[in-house]
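Q: My questions will all concern the structure given below.
The values are calculated or read from the model by the stated rules, or taken from the named source; none is laboratory data. As the structure is a prediction and not an experimental result, all values here were calculated from the model. Please note: Cβ atoms are built from the backbone with ideal geometry, for glycine as well, and neighbour counts cover all protein chains shown. With ligands, DNA and RNA removed, areas are computed over all heavy atoms of the protein, side chains included. Shrake-Rupley method; radii C 1.70, N 1.55, O 1.52, S 1.80 Å.
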Amino acid sequence: MCGIVGYTGSEQATPILMRGLSRLEYRGYDSAGIAVYNGSELVVKKAKGKLSELAGRIEAAPVAGCVGIGHTRWATHGEPSDINSHPHTDGDGAIAIVHNGIIENYQELKEALIARGCVFRSETDTEVVPHLIRTYYTGSMLETLIRVLPMLQGSFALAIASKDDPDTLYCTRKDSPLVLGKTDHGSLIASDIPALLEYTRDVYLLDDFDIARVRPEGISFYDCLGNEKTKEAMHVDWDVKAAEKGGYAHFMLKEIHEEPAAIHNTLAPLIEIGRANKLRFRKDAMPINEEDANAIKNIIISACGTSYHVGMVSRFIFEKLAGIPTQVEIASEFRYRDPIIQDNSLFIVISQSGETADTIAALREAKNCGVKTLAITNVVGSTVAREADYVIYTWAGPEIAVASTKAFVSQQMVAYALAADLAVKRGKMTEDELADYLHEMDQLSAKAQILVDSWEIQAHAANHFRSIRNSFYIGRHLDAISCMEAALKLKEISYVQTEAYPAGELKHGTLSLVEDGTLVCAIATQTDLIDKMISNIKEVKVRGGYVIAFVKESETRIESEVDEVWRIPECPDIFTPILVAIPGQLFGYYMALERGTDIDQPRNLAKSVTVE
Ligand code: M6R
């Protein structure tokens, strides 16, 4: 949801800004721009469309200078256009800013600024910021920001360049991510870590309302009152290769192929071999102690999109293994329905990025109620990681494609581990049962590899189905959730209208949409429900539907009922959501490839949704 970069140092800024933007383009890709100080003025270049449009304009008229800011946009206020692209400037172009977030009270501020003579050029909420800074400018940017920031409502990450102090950039944030780094030739600002990896793996994180003064020789941090703060850099393990395509056609494909490693790398830090060669949790790997585990009366999980689907699967697992009543809440809905959060609830948020605005808001709602909170996230130092009482990281490495893949399987691994840990601590699972369970989890990486390696099955099917307009996923129990995730993958990247339905619910209305040739993917991995699934598949077949069944290796009864069978390796029913996700992702990927869509950056979407 908009990517920000900034650089000040001894090198040319434009190539550094453009490289940074290319690593952040997954955050927004409907327009882009830079502002570079060329020794006498701030030169702004911007262009509607992908970053390549901007690159073309810069190539035609290069901008020289060693300090600048850049932006890649996901439009909220004002359509994607050259004028609405960032950076935005004040009236005489002395101050340029880039912004991620939404200034909610911009209309009121804009009217007041117009009454004072400011002339606005764009339809964006962002443009109020350079005008406000100009209007209240005291000669010191730090002082001015301390005055202006309290006037802004909503969320923002801002990077600011000014002609008055041309070597220095300022940046600040509230509820939108921002990271900073230092290299031997200068200092850098970015919305996300991948944009800094080429220069440093030691990053500084800003807290809400912190202000950073960014100079070529170093970075100073201030709180909202202007008191200087000391900050420790946080070291990240990701390297620059992890944020590159590495020979794959798309990040999504690379990330699917990284799933076996993501599964392994997420589980490995949590477990060890104990007595009698039995697997167990490492001491202190799981953050909730026995007393707190036994005090939990219920669990509330809140998340968005794919992470929400992990939550849906996890509900069954927490209830089945640990016996804890669990509810799952879409984060964007949660706080608007006056939720009842009982004492002794454990509130879990799941977020790959750790920066999803709705998920952060749900987490804060829970914290206000005083209950314990736990974050499952992929990004060390992200907002949910910093604000939750407990955190368990997934070790999937950076996920760049908008469609979430390796994050899903690794989040699910954490949830399985957490459920088992709570079950043991609450006396619902013996050490022997745990050892067997962890052994099965430990096998999932190799089984995922088998599925990733058999991608041709889905590529072939996608070639056959590339022209369909709609499709269905049906399943029961855990498979109904797997259907939601597989359908989301197909929709978001291939743009095929796809509905996920509990198989038994189809006959209550939606079956009327099934006609000759309609593609219906039936996920049938839950052993006790195979007969029920066969009945539902028959309902589809007699109406002409083309059925592909996703089943376990050993399943024999469904084959004769359907048109095609995609098999997953044998595993306990509880773990099939991890394995079944992979053919679903591959089918989505190859359908998108056949249909020629922009796979890593699908229309209308952005990777990190940092606005409400
Ligand atoms: O970073 P998060 O896990 O909080 O992101 C949540 C959703 O925005 C994300 O899963 C989204 O639904 C993906 N595009 C799905 O593939």
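Q: Would a scan of region 51-58 turn up a residue that is open to solvent by less than 60 Å² (accessible area, probe 1.4 Å), assigned to a strand (DSSP E or B) and touching a Gly at 6+ places or on another chain (Cβ under 7 Å)?
A: So far as region 51-58 goes, no, none of its residues is open to solvent by less than 60 Å² (accessible area, probe 1.4 Å), assigned to a strand (DSSP E or B) and touching a Gly at 6+ places or on another chain (Cβ under 7 Å).
Q: For region 168-210, how many residues meet the condition of being aromatic (Phe, Trp, Tyr) and either open to solvent by less than 10 Å² (accessible area, probe 1.4 Å) or outside the structural domain of Gly65 (by TED's automatic domain parsing) (or both)?
A: Adding up the residues that qualify gives 0.
Q: Spot the failing condition for Leu346; the list is (1) part of a strand (DSSP E or B); (2) open to solvent by less than 20 Å² (accessible area, probe 1.4 Å); (3) within 16 Å of the ligand (Cβ to nearest atom), and only one is missed.
A: The single condition Leu346 does not satisfy is (3).
Q: Here are the criteria: (1) surrounded by fewer than 16 Cβ atoms within 10 Å (Cβ to Cβ); (2) in a strand (DSSP E or B). Tell me which single one Arg280 does not satisfy.
A: (1) is the only condition that Arg280 fails.
Q: Follow-up question, since we're still on this one. For region 40-49, give me the residue count where each residue is in contact (Cβ under 8 Å) with a residue 60 or more places away in the chain and surrounded by fewer than 20 Cβ atoms within 10 Å (Cβ to Cβ).
A: Of the residues in region 40-49, 1 are in contact (Cβ under 8 Å) with a residue 60 or more places away in the chain and surrounded by fewer than 20 Cβ atoms within 10 Å (Cβ to Cβ).
Q: Six or more apart or on different chains, Cβ under 7 Å: which pairs go from a residue in region 364-384 that's of a type in the set (Lys, Arg) to one that's part of a loop (DSSP other than H, G, I, E, B)? Could you list them?
A: Here the result reads Lys372/Asp389, each pair linking region 364-384 to a residue that is part of a loop (DSSP other than H, G, I, E, B).
Q: Okay, next question. How about region 510-533: which of its residues are open to solvent by 20 Å² or more (accessible area, probe 1.4 Å) and within 25 Å of Asp573 (Cβ to Cβ)?
A: Of everything in region 510-533, those that are open to solvent by 20 Å² or more (accessible area, probe 1.4 Å) and within 25 Å of Asp573 (Cβ to Cβ) turn out to be Thr527, Asp528, Leu529, Asp531, Lys532.
Q: Provide a single number: the residues in region 471-506 that are open to solvent by 10 Å² or more (accessible area, probe 1.4 Å) and more than 16 Å from the ligand (Cβ to nearest atom).
A: The number of residues fulfilling the criteria is 9.
Q: Moving to a separate point now. Here are some residues: Glu333, Glu319, Glu329, Glu365. Which one is part of a strand (DSSP E or B) and more than 12 Å from the ligand (Cβ to nearest atom)?
A: It is Glu329.
Q: Output the qualifying pairs, or none if there are none: Cβ atoms under 9 angstrom, residues six or more apart or on different chains, first residue in region 385-410 and closer than 15 Å to Thr373 by Cβ, second residue open to solvent by 20 Å² or more (accessible area, probe 1.4 Å) and part of a strand (DSSP E or B).
A: Sorted first by the residue in region 385-410, then by its partner, the pairs are Ala385/Val391; Ala385/Tyr393; Arg386/Leu205; Ala388/Lys372; Asp389/Lys372; Tyr390/Lys372.
Q: Okay, next question. Any chance region 496-505 includes a residue that's among the aliphatic types (A, V, I, L, M), more than 20 Å from Glu555 (Cα to Cα) and part of a helix (DSSP H, G or I)?
A: no
Q: Working only within region 304-340, note down all residues that are on the phi > 0 side of the Ramachandran plot and surrounded by 20 or more Cβ atoms within 10 Å (Cβ to Cβ).
A: Gly305
Q: Exactly one condition in (1) open to solvent by less than 10 Å² (accessible area, probe 1.4 Å); (2) in contact with a Pro (Cβ under 7 Å, 6 or more places away or on another chain); (3) within 13 Å of the ligand (Cβ to nearest atom) is not met by Ile392; state its number.
A: Going through (1) open to solvent by less than 10 Å² (accessible area, probe 1.4 Å); (2) in contact with a Pro (Cβ under 7 Å, 6 or more places away or on another chain); (3) within 13 Å of the ligand (Cβ to nearest atom) one by one, Ile392 breaks only (3).
Q: Can you name the condition, by its number, that Leu145 falls short on among (1) open to solvent by 30 Å² or more (accessible area, probe 1.4 Å); (2) more than 28 Å from the chain's Cα centre (by Cα)?
A: So Leu145 meets the others, but not (1).
Q: Also: Are any residues in region 398-430 of a type in the set (Gly, Ala, Ser) and within 14 Å of the ligand (Cβ to nearest atom), and if so, which ones?
A: Listed by number, the residues that qualify are Ala401, Ala403, Ser404, Ala407, Ser410, Ala415.
Q: Any idea which of (1) polar (S, T, N, Q); (2) under 14 Å from Ile4 (Cβ atoms); (3) touching an Asp or Glu at 6+ places or on another chain (Cβ under 7 Å); (4) assigned to a loop (DSSP other than H, G, I, E, B) is the one Thr72 doesn't satisfy?
A: (4)
Q: Starting from region 189-200, keep only residues that are more than 15 Å from Ala157 (Cα to Cα), then list their pairs with residues that are modelled with pLDDT under 95 and in a strand (DSSP E or B) whose Cβ atoms are within a distance under 8 Å, requiring at least 6 positions of separation or different chains.
A: Correct list of pairs: Ala195/Gly3.
Q: For residues that are within 16 Å of the ligand (Cβ to nearest atom) and among the polar types (S, T, N, Q), scanning just region 276-316, find the one that is farthest from Phe347 (Cα to Cα).
A: Thr306
Q: Go through region 349-380 and give me each residue that's open to solvent by 10 Å² or more (accessible area, probe 1.4 Å) and under 19 Å from the mean Cα position of the chain (by Cα).
A: Result: Gln352, Ser353, Glu355, Thr356, Ala357, Asp358, Ala361, Arg364, Val379, Val380.
Q: What are the pairs with Cβ atoms under 7 angstrom where one residue, in region 231-257, is closer than 30 Å to Ile211 by Cα and the other, located anywhere, is among the β-branched types (Val, Ile, Thr)? Sequence gap at least six, or different chains.
A: The qualifying pairs are Ala233/Val203; Met234/Val203; Met234/Val380; Val236/Ile193; Val236/Val203; Val236/Val380; Trp238/Ile193; Ala243/Ile400.
Q: Condition first: open to solvent by 30 Å² or more (accessible area, probe 1.4 Å), closer than 15 Å to Pro87 by Cβ and touching a strand residue (DSSP E or B) at 6+ places or on another chain (Cβ under 6 Å). Now tell me which residues in region 11-39 satisfy that.
A: Tyr37
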